[in-house]
1. Name the helices (runs of 4 or more DSSP H) wholly inside region 68-153 in which the number of residues that are over 16 Å from residue 30 (Cβ atoms) and at pLDDT below 95 is 1 or more.
2. For residue 38, indicate whether it is loosely packed, with under 14 Cβ neighbours inside 10 Å and modelled with pLDDT of 70 or more.
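The values are calculated or read from the model by the stated rules, or taken from the named source; none is laboratory data. Being a predicted model, the structure only gives us computed values, none of them experimental. As a convention, Cβ positions derive from the backbone with ideal geometry for all residues, glycine included, and neighbour counts pool all protein chains shown.
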């Protein structure tokens with residue numbers, strides 16, 4: 001009989017002491033997509049999502065916030081799911097005067113935002129969590145729809 005390694009184990013729904021099922025925690029992809037949806041056209045900046053230390057990771061995890069050590073890899077994963085992401089370089093100047101360019105990423109348009117919503121709902125269904133409600137979805141899509149309406153004029 002083959003034994004499963006620890007890396008193959010995926011947490012599953014578990015029963016609480018009252019016997020009800022609880023859902024698994026959100027995946028990194030789900031947290032990433034929710035961050036992108038929540039940020040809207042402002043987008044997600046590399047420096048905002050990276051962690052500085054183990055204690056920083058623990059604080060981010062304790063609050064359920066999305067964090068990453070490689071945002072461009074997470075963006076690549078989104079693109080593989082068919083979610084179009086736009087980006088641009090933004091300069092950052094350190095306290096010592098050093099300048100470096102970091103990327104800011106955002107969902108390209110309302111179609112990309114809708115694909116992100118669908119992916120989040122798929123991930124939530126798989127882990128037996130509540131899917132996004134229509135009001136939330138409208139809130140996520142509205143900045144893109146307003147921008148597209150203005151650009152059509």
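1. Working: elements: 71-80, 110-126, 134-152.
The helices (runs of 4 or more DSSP H) meeting that bar are 71-80, 134-152.
2. On the way: loosely packed, with under 14 Cβ neighbours inside 10 Å: yes; modelled with pLDDT of 70 or more: yes.
When the stated conditions are applied, residue 38 passes them.
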